[in-house]
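Encoded as C-alpha cells, the structure appears first; notes follow it.
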Amino acid sequence: MVPVTYYITLSAVLFTIGALGVLIRRNPLIMFMSIELMLNAANLAFVAFTRTFTVLNGQIFVFFIIAVAAAEVAVGLALIVAIFRTRHSINVDEMNFLKG
Amino acid sequence: MNFLFLAPWVVFFPLLGLLTNLIFGGRMRERLIGWTASAASGFAFVVSVLLAWSLWANHGEAASWTIGEWIHVGRLAVDWTFRVDSLSTTMMLVVSGVGTLIHVYAIGYMHEDVRFKHDPGRYRRFFVFFNLFILAMMILVSADSYLMLFVGWEGVGLCSFLLIGFWYEMDTLGRPSWANSDAAKKAFITNRIGDFGFLIAAFVMFWALGSLQFDAVFAAAPTASRAMIVMITLLMLVGVAGKSAQIPLYVWLPDAMAGPTPVSALIHAATMVTAGVYLVARSAPLYTLVPEAQFVVAMIGALTALFAATIAVGQYDIKKVLAYSTISQLGFMVAGVGMGAFVAGMFHLVTHAFFKALLFLSAGSVILGLERGHHAMAEHAGHAGEHSKEVFDPGDMRNMGGLRKTMPTTFWLYVVGTLALAGIFPFAGFWSKDEILADAFLEGYTAVYWLLTVAAFFTAFYMGRQIWMVFFGKARHDAAAQAVESPRIITTPLMVLAGLSLVGGVLNLPGVHRLTEWLEHTIEVHAGEFVLSVALISTVLAVAAIGLSWLLYGRKPLRKNQADPLRGWLGPIFSGMEHKWYVDEGYRALFVNPYIAAARFLANVVDGRFWHDWFHDKVLAGTYSWLSTVALNRYADQRGIDAFFNGLGEATRRASGSLRRIQNGFVRSYALSVLLGVVLILGYLLIK
C-alpha cells in the first residue's frame with residue numbers, strides 16, 4: 001500500500017503548481033485550470049486521509065468541492081466570455097479598470 | 001319679606017350691564033347701549049330700595065351677606081361680604097339713584113358730545129366705563145372690611161382716571177393735545193398718594209387691631225394703644241384727602257373737569273369724591289376715640305371749604321367754578337364728620353349729591369347749548385373756513401350771557417341748584433349746611449364754625465356771580481345768542497334732581513330727624529339741634545352775598561371783553577383767586593420739578609450712562625464679546641476643537657492616499673497577497 005505521505009506530497013506539489021500558475025500566467029483560461037489544479041490537490045489530500053483513517057467525511061467534502069468547482073468554472077467562463085465581448089481581449093493584466 | 005339676599009345684586013347688575021355692552025354693544029344701536037347701562041344702574045337702585053326697606057322692616061338690624069372666601073392667610077381672614085346697614089344703604093341709594101339719573105342724562109349728552117368731537121365709536125366705551133364705576137362704587141359702599149372697601153376705592157379711582165381721560169387725545173376744546181390725558185394722570189397719581197396713606201392705615205390697623213373687618217376693628221379699638229388709633233385715623237385722613245379732594249391733595253379735582261360733564265357730575269361731584277366722607281363716617285368708632293385726630297380732620301375740612309370757595313370766585317370756566325365749589329362743599333362734609341357730626345356730614349353728602357349733580361348737568365346742558373349755537377353759527381357762515389380757525393370755548397362764562405331767554409328750562413334748573421347750594425331756605429342745602437354749622441357752633445369748634453360761615457358767604461357769592469354771568473345780561477358771543485335748549489332726555493333727569501334739591505331737606509328736618517334715626521342703627525349719633533341764630537346768620541350772609549354779586553355782575557352786566565369788576569376792587573387778590581393761589585405752580589416747583597429732575601438724573605445718568613453705557617455695554621457686552629470672539633472662538637473653537645477634527649480628517653486622507661496604491665488592479669498581485677496572507681496565518685498557526 002502506498003504510504004499516505006506520498007499522496008500528501010503529490011497533493012502539495014500539485015497545489016504549488018496551481019498556485020504558481022495562478023500567480024504567473026496571464027491567460028484566464030490557464031488561471032482557471034490552475035485553480036482546478038489546486039482544488040484537485042485538496043481533493044487528493046482529502047481522499048488520501050479518508051483512506052488512511054477509514055472515515056467518510058473527506059469523501060463528502062470532495063463531492064462538495066467538485067460541485068463548487070463546477071459552478072465556479074461555469075460562472076468564471078461566463079465572465080470571461082462577457083469580458084471578451086466588451087474588451088476583445090482576455091488578458092488579465094488589462095483588466096485593471098476597477099483599481100483605485 | 002326680606003330682600004337681604006339681594007345684596008350682591010347691587011354689584012352684579014352693573015356688572016351685567018357692563019358685560020352686555022362690552023360683548024354685544026358693537027351690534028347695538030346707540031340708544032339701546034345707553035338704556036342698557038341706565039337699566040343696569042336702575043336695577044341696582046331698585047335693589048338698594050328693597051334692601052333699605054328690608055332693613056327698615058328689621059328695625060335697622062345690620063346684616064351681611066357673604067358670597068365667598070377671598071383671602072385666608074394666617075390670622076388674616078377676609079371674605080367677599082356685603083354689608084347692609086343703614087349707612088351703606090344710604091350710600092347705595094345715593095350712588096345708584098343719582099347715578100341712574102346721570103346715566104339717562106348721558107344718553108342725550110354723550111350723543112351730542114361724540115357728534116361734536118367726531119368719534120361716535122366712543123359712545124359704547126363711555127357707558128361701559130360708567131357701569132364699571134357704579135360697580136366699583138357699590139363695592140366700596142357695601143364692603144364689610146377695609147380691604148374690600150379698598151378694592152372699590154381703587155376701582156372708582158381707575159374709573160375716574162379712565163373717564164377724565166375719556167377724550168385723551170385732545171384738550172377740553174377738542175384740539176389735539178395731551179392735556180386731558182395729563183389731567184387724568186394727575187388725578188390718578190394724586191389719588192395714589194392718598195391711597196398710600198389708606199393702605200398704611202390698613203396695615204397698621206391689622207397690626208394693632210388684628211383684623212380688617214369693620215365690627216372686629218371697632219370692637220378691638222377701645223382696648224388698643226391710643227397712639228395706634230391716632231396713627232390709623234390720621235393716615236386714613238391722607239386717603240380721605242386724596243379721594244375727597246381736601247388740602248393738600250385737592251389739586252386733581254379741578255383738572256378732572258377735562259372729562260365729559262356727566263363724569264364730572266357723577267364721579268367728581270355726587271359720588272366718588274364723597275367716598276372719603278363715607279370712610280370717616282364708617283370709621284366713626286375709631287375717630288370718636290381720638291378727639292385730636294377729629295380736630296385735625298375738622299380743621300382740614302374747614303380750611304379746604306374756605307380756600308376752595310375763594311378760588312371759585314375767580315374762575316371763568318363754568319365747570320371749574322363748580323369743581324372748586326365741590327371741593328369746598330366736600331370740605332363742609334369732612335369738617336362735619338370730623339367734628340363727630342356724622343349725620344350732618346352724611347346729610348350734606350346726600351343733599352349735595354342732588355344739587356351738585358343738578359348744577360353740573362345743567363352746566364353740561366349750557367355747554368351743549370353753546371356748542372349747538374356755535375355749530376349753527378358756523379353753518380350760517382357757509383363753509384366754516386374762518387370759524388373753524390377760531391378757538392371757541394363753550395365752557396367759558398365770558399362767552400355766555402343772556403341764556404335765560406334762549407335756554408329757559410336750563411336756567412330755572414340752574415337757579416334751583418344755585419339756591420340749594422347757596423343754602424337758601426327751604427332748599428335742601430339750607431338744612432344740611434345749617435346742621436353742620438350748628439354742630440360746629442354747639443360742639444365748640446369755633447374756628448371751624450367761622451371758617452365754614454365765611455366759606456358759605458363765598459359760596460353764595462360765586463354762585464350768584466355765575467348765574468348773573470351766564471344767564472343774565474346780553475350774549476357776549478354769537479354762539480350764546482344762538483344757543484338752543486337741550487332736548488327732553490337731558491332736561492328730564494335734571495327736573496328730578498331739581499325736585500330732590502328742593503325737598504331733599506325733609507330727610508332730616510330739625511325736630512323730625514329721619515336720617516338721624518336711620519343712621520342711629522349703625523353709628524353713634526346725636527340729634528343735630530336747630531340753632532336759630534346760626535341759621536339766621538348764614539341765611540343773611542347768603543342773601544347778602546347774592547346781593548353783592550348782583551351789584552357787581554347783575555346791575556351792570558359784563559360786556560364783551562370787559563375785565564371782571566372784582567379785579568378793580570380786589571386787585572392782586574383777585575389775580576390770586578384767578579390763578580388758584582398759585583398752588584399748582586407751587587406744587588410744580590416744590591414736588592413736580594424736583595421729581596422730574598430726579599427722574600431725568602436717574603434716567604440719563606444712572607440708567608443711561610452708568611447701567612446702560614458702562615455696565616451693560618462695556619462690562620457685560622464687552623466681556624461677553626471678548627469671551628466669544630477671542631477666548632471661545634479663536635482659541636477653544638478654532639484652535640482646539642476645529643484643529644482636532646481637521647487633523648483627524650487630514651490623517652484619514654493621507655492614510656487612504658497611501659493605501660490606495662496597493663489596489664493596482666492586477667489580479668495576480670491580489671492573488672499573491674492572498675497567498676502571502678494564507679502563508680502568514682498558517683505559519684502563525686504552525687509556530688504557535
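Computed values, structure above
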quantity: Matching residues in segment A:81-94 - criterion: being within 12 Å of another protein chain (Cβ to nearest Cβ) and not in a loop (DSSP other than H, G, I, E, B); calculated: A:ILE83, A:VAL92, A:ASP93, A:GLU94
quantity: Which listed residue, of A:LEU20, A:LEU37, A:LEU98, A:LEU77, is within 27 Å of B:VAL667 (Cα to Cα) and surrounded by fewer than 11 Cβ atoms within 10 Å (Cβ to Cβ); calculated: A:LEU98
quantity: Residues within segment A:50-59 that are within 18 Å of A:THR9 (Cβ to Cβ), surrounded by fewer than 17 Cβ atoms within 10 Å (Cβ to Cβ) and under 20 Å from the mean Cα position of the chain (by Cα), tallied; calculated: 0
quantity: Residue in segment B:625-648 that is over 60 Å from the mean Cα position of the chain (by Cα), within 14 Å of chain A (Cβ to nearest Cβ) and more than 30 Å from A:LEU20 (Cα to Cα) present; calculated: no
quantity: Selection count, segment B:434-458, where residues are assigned to a helix (DSSP H, G or I) and more than 14 Å from B:VAL334 (Cβ to Cβ); calculated: 16
quantity: Test: residue in segment B:5-21 that is outside any helix (DSSP H, G or I), crowded, with 19+ Cβ neighbours inside 10 Å and either small (Gly, Ala, Ser) or in contact (Cβ under 8 Å) with a residue 60 or more places away in the chain (or both); calculated: yes
quantity: Among the candidates A:VAL62, A:VAL47, A:VAL68, residue that is within 19 Å of the chain's Cα centre (by Cα), loosely packed, with under 15 Cβ neighbours inside 10 Å, modelled with pLDDT of 90 or more and assigned to a helix (DSSP H, G or I); calculated: A:VAL68
quantity: Flag if B:TRP167 is of a type in the set (A, V, I, L, M, F, W, C) and buried (at least 24 other Cβ atoms within 10 Å of the Cβ); calculated: no
quantity: Looking only at segment A:68-80, and only at residues there that are under 13 Å from A:LEU29 (Cα atoms) and either in contact with a Gly (Cβ under 9 Å, 6 or more places away or on another chain) or without any contact (Cβ under 8 Å) to a residue 40 or more places away in the chain (or both), the one that is farthest from the other protein chains (Cβ to nearest Cβ); calculated: A:ALA74
quantity: Filter result (aromatic (Phe, Trp, Tyr) and within 8 Å of another protein chain (Cβ to nearest Cβ)) within segment B:654-678; calculated: B:PHE666
quantity: Residue in segment B:29-47 that is aromatic (Phe, Trp, Tyr) and touching a residue at least 40 places away in the same chain (Cβ under 8 Å) present; calculated: yes
quantity: Yes/no for B:ARG660 being charged (D, E, K, R), surrounded by 11 or more Cβ atoms within 10 Å (Cβ to Cβ), over 51 Å from the mean Cα position of the chain (by Cα) and in a helix (DSSP H, G or I); calculated: yes
quantity: Of residues in segment A:11-47 being more than 13 Å from chain B (Cβ to nearest Cβ) and not aliphatic (A, V, I, L, M), the one farthest from A:ASN57 (Cα to Cα); calculated: A:GLU36
quantity: Inter-residue pairs, beta-carbon under 6 Å, first within 17 Å of B:THR310 (Cα to Cα) and in segment B:576-601, second β-branched (Val, Ile, Thr) and in a helix (DSSP H, G or I), 6+ apart; calculated: B:MET577/B:THR310; B:MET577/B:ILE311; B:MET577/B:VAL313; B:LYS580/B:ILE311
quantity: Number of the condition not met by B:ARG115 [criteria: (1) touching a helix residue (DSSP H, G or I) at 6+ places or on another chain (Cβ under 7 Å); (2) in a helix (DSSP H, G or I); (3) surrounded by fewer than 24 Cβ atoms within 10 Å (Cβ to Cβ)]; calculated: (1)
quantity: Any hit, segment B:568-583, residues being farther than 30 Å from B:TYR250 by Cα, among the acidic types (Asp, Glu) and away from chain A (no Cβ under 14 Å); calculated: no
quantity: Residue check, B:VAL95 under 22 Å from B:ARG282 (Cα atoms), surrounded by 18 or more Cβ atoms within 10 Å (Cβ to Cβ) and of a type outside the set (S, T, N, Q); calculated: yes
quantity: Search result, residues across segment B:401-422 that are at pLDDT below 90 and not in a helix (DSSP H, G or I); calculated: B:GLY401, B:GLY402
quantity: Odd one out for A:PHE97, checked against (1) in a loop (DSSP other than H, G, I, E, B); (2) more than 14 Å from every other protein chain (Cβ to nearest Cβ); calculated: (2)
quantity: Residue within segment A:55-66 that is of a type in the set (S, T, N, Q) and more than 12 Å from chain B (Cβ to nearest Cβ) present; calculated: yes
quantity: Some residue of segment B:504-511 being touching a helix residue (DSSP H, G or I) at 6+ places or on another chain (Cβ under 9 Å), surrounded by fewer than 20 Cβ atoms within 10 Å (Cβ to Cβ) and outside any helix (DSSP H, G or I); calculated: yes
quantity: Residue check for B:VAL290: over 17 Å from B:ALA323 (Cβ atoms), touching a Lys or Arg at 6+ places or on another chain (Cβ under 7 Å), surrounded by fewer than 24 Cβ atoms within 10 Å (Cβ to Cβ) and in contact (Cβ under 8 Å) with a residue 40 or more places away in the chain; calculated: yes
quantity: Some residue of segment B:541-553 being part of a loop (DSSP other than H, G, I, E, B), free of Cβ contacts under 8 Å to residues at least 60 places away in the same chain and farther than 29 Å from B:PHE342 by Cβ; calculated: no
quantity: Condition met for B:ARG398 (surrounded by fewer than 24 Cβ atoms within 10 Å (Cβ to Cβ), out of contact with any Lys or Arg (no Cβ under 9 Å at 6 or more places or on another chain) and in a helix (DSSP H, G or I)); calculated: no
quantity: Scope segment B:462-480; condition of a type outside the set (Lys, Arg) and assigned to a helix (DSSP H, G or I); matching residues; calculated: B:TYR462, B:MET463, B:GLY464, B:GLN466, B:ILE467, B:TRP468, B:MET469, B:VAL470, B:PHE471, B:ASP478, B:ALA479, B:ALA480
quantity: Qualifying positions in segment B:382-393 - modelled with pLDDT of 75 or more, hydrophobic (A, V, I, L, M, F, W, C) and surrounded by 10 or more Cβ atoms within 10 Å (Cβ to Cβ); calculated: B:PHE392
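Residue-wise test of (1) under 23 Å from B:LEU93 (Cα atoms); (2) acidic (Asp, Glu); (3) not in a helix (DSSP H, G or I).
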{"position": "B:THR274", "(1), (2), (3)": "yes, no, no"}
{"position": "B:VAL277", "(1), (2), (3)": "yes, no, no"}
{"position": "B:VAL280", "(1), (2), (3)": "yes, no, no"}
{"position": "B:PHE295", "(1), (2), (3)": "no, no, no"}
{"position": "B:MET299", "(1), (2), (3)": "no, no, no"}
{"position": "B:GLN315", "(1), (2), (3)": "no, no, yes"}
{"position": "B:VAL321", "(1), (2), (3)": "no, no, no"}
{"position": "B:TYR324", "(1), (2), (3)": "no, no, no"}
{"position": "B:VAL334", "(1), (2), (3)": "yes, no, no"}
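Table: residues versus (1) crowded, with 23+ Cβ neighbours inside 10 Å; (2) among the aliphatic types (A, V, I, L, M); (3) in contact (Cβ under 8 Å) with a residue 40 or more places away in the chain.
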| residue | (1), (2), (3) |
| --- | --- |
| B:GLU435 | yes, no, yes |
| B:GLY444 | no, no, no |
| B:TYR462 | yes, no, yes |
| B:VAL470 | yes, yes, yes |
| B:GLY473 | no, no, yes |
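The values are calculated or read from the model by the stated rules, or taken from the named source; none is laboratory data. Predicted model only: the values in this text are computed from it and were never measured. Quick reminder, even Gly has a Cβ in these numbers, built from the backbone with ideal geometry, and neighbours come from all protein chains shown.
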